[in-house]
Each structure stands twice: as structure tokens, then as C-alpha cells.
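Only one structure is covered here, and it is reproduced in the block below.
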Amino acid sequence: MYRFLLTPRWWGINVFVLLAIPFCVFMGSWQLSRFEARVQDQRDAGEQAAAAKTDPARPLRELLPVDKNTSGKQAVATGRYGKQLLVPDRELDGRNGYYVLTLLRTDGGQALPVVRGWLPGTADSAKAPAVPAGEVTVTGALQVSESPGANGVSAAGGLPEGQTGAISSASLVNLVPYKVYDAWITLAKADSGMTAVPATAPQGTGLDLKAFQNLGYTGEWFVFAGFVVFMWFRLLRREAEFARDAELGLVPSEGTDHERDRERDPEHERDGSPDENPARDAAGTPVP
């Protein structure tokens, strides 16, 4: 009854199933590993942030270039403050406000963006504390340069003079006349009158929308694998029932050759063929 499995049609079906199932399982497992990696990144970032609060501060040059391993570490730098900018539309504890960003010019000539604190309300340079004079030493959490449009960072342009939408060397290089480090720090203790800005985890280390998309894709690939198995068994069952009915003589016969000819010729008369009903003259006598 299952001899049909050896037909070319079923060879093709079986080969497709044998290839599709491992492929779906592999893709589902890969998407699951991506989700698990993001979960691990979030766990590591949380542990790193907790450890950074107790670890001693290290010189800035030892932590550059900043990456997932050094982001959040306490860095110390010495220099003189230069130009001050405001970063509008930044939320803290559910309130809208702005960062006070001051460029610290180090001995190497480059400038380190330093977020000295956060103030509520609309960005106003008159309300921002004055820039400290003389040489200063700052300590704060090292952060990765921001990307406009990511992690709540505004991508809008046309800001007033003295403001910037993102804290990054690419954004600041056009606003200051000196080179800028591709990193920034937020002070552990804000300057007088301001609130300290907490360090944030690097982009791509949290359970964001992409992480849950990986989890959703995992389920989809495993569902596809189950659907392939289901359809194979359904086709097998239908073919087996058809073969069984054929063995029992329950499948309608294809009919005689004459009946097939009648089906192919819709113009054929129902009363019979022309040979069975010869033409007759006006008196009804058959014409030879």
C-alpha cells in the first residue's frame, strides 16, 4: 500500500522534507542564541555597572577606545574646561530637561565631553552654572558616543547656537575648534545646583525590540518545522487512503475508449454516433 513512496513525486516530497526540517531547526536555534546573547549582555552590563561604582577610577587613556567592556568604568582626567554646550530634551526621573555639557581640554590637546549635570525645563544657558576656571580633575563614568535617533537621542537639526542634539565627536567636531575624544563621561557627583546623570548601558546590550524580535523569529522557525511535518503526514495519509480504495475497487474506473471519445467530442450527439444513426432522405429511407 505504501509503494507510492518510491514514485518520483514522493521522492521529491521526501527530499524537500528532509532538507526543510533541519534548516528550520537550525534557523530557530540561531535566533534563540541571538536572544540569549542579548540577555547575557544585559546581565553583564548590570554587573559591570554595579562593579564600576566600587572599582577605583583609572586614567582616561587606559580605558580608550571605549567599548562594551570599558563603558561605565570610572575614568579620571585632568585639564581645563573650554566651551560649554547644552543638550536639550533629556529626561531624568520622568521629567524633561537638559544636560550641561562642557569640553575638558586635556594635556594632549584633545577635548573630552563632560556632562556636569542635568537641569529641568527648557534649555537655557543663563540657568546653567558657570564654567569652573583653572585646572580641574574630573571623575565620572565613561560612555560610548551617542548615535542620533538611537536610545532616545534626538536626530532633529536646526538647534539654536550653543546646543547639540547628540554627544559624539561627529556632532561636536563642527561646534568646537579642536579635536574631540570619541567618548564622554558623566560626573559621578554633579556640580552645584545640578543633578548627576546616571551612566547608561552601551547600545545593543539591553532587551530592546530587536531582542524580542529574535525570540519571535525563534518561535516562527520552529512552527514552520512542525508545519512541514504535519503536511507530510497529511499527504501520506491521503495517498495511503487512495491506494487502499484502489485495491478495494472503490476508485471509479476511467471508462471505455468510446466513452472517453464522447467526452473529448462535445459536438457528439447523445443518441449515438453517426454510424449508429445514418442519414435519411425526406421519406425517411436511409441514404447509403
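The values are calculated or read from the model by the stated rules, or taken from the named source; none is laboratory data. Here the structure is a predicted model, which means the values were calculated and not measured. Cβ: placed from backbone, ideal geometry, glycine included. Neighbour counts: every protein chain shown.
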Residues of segment 1-53 that turn out to be modelled with pLDDT of 75 or more and part of a loop (DSSP other than H, G, I, E, B), as a count: 1
T70 vs. criteria modelled with pLDDT of 80 or more, farther than 28 Å from W232 by Cα, over 34 Å from the mean Cα position of the chain (by Cα) and not basic (K, R): no
Selected residue (criterion: surrounded by the most Cβ atoms within 10 Å (Cβ to Cβ)) from residues of segment 73-115 that are touching a Leu at 6+ places or on another chain (Cβ under 6 Å) and basic (K, R): K73
Only listed residue being surrounded by fewer than 16 Cβ atoms within 10 Å (Cβ to Cβ), assigned by TED's automatic domain parsing to the domain that holds D182 and touching a residue at least 40 places away in the same chain (Cβ under 8 Å), chosen from T122, T164, T137: T137
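Within segment 142-155, is even one residue outside any loop (DSSP other than H, G, I, E, B), within 25 Å of the chain's Cα centre (by Cα) and modelled with pLDDT of 90 or more?
First, pick out the residues of segment 142-155 that are outside any loop (DSSP other than H, G, I, E, B): 142-143.
Those left that are additionally within 25 Å of the chain's Cα centre (by Cα): 143.
Filter once more, so that each one left must be modelled with pLDDT of 90 or more: 143.
Yes: segment 142-155 contains one or more residues that are outside any loop (DSSP other than H, G, I, E, B), within 25 Å of the chain's Cα centre (by Cα) and modelled with pLDDT of 90 or more.
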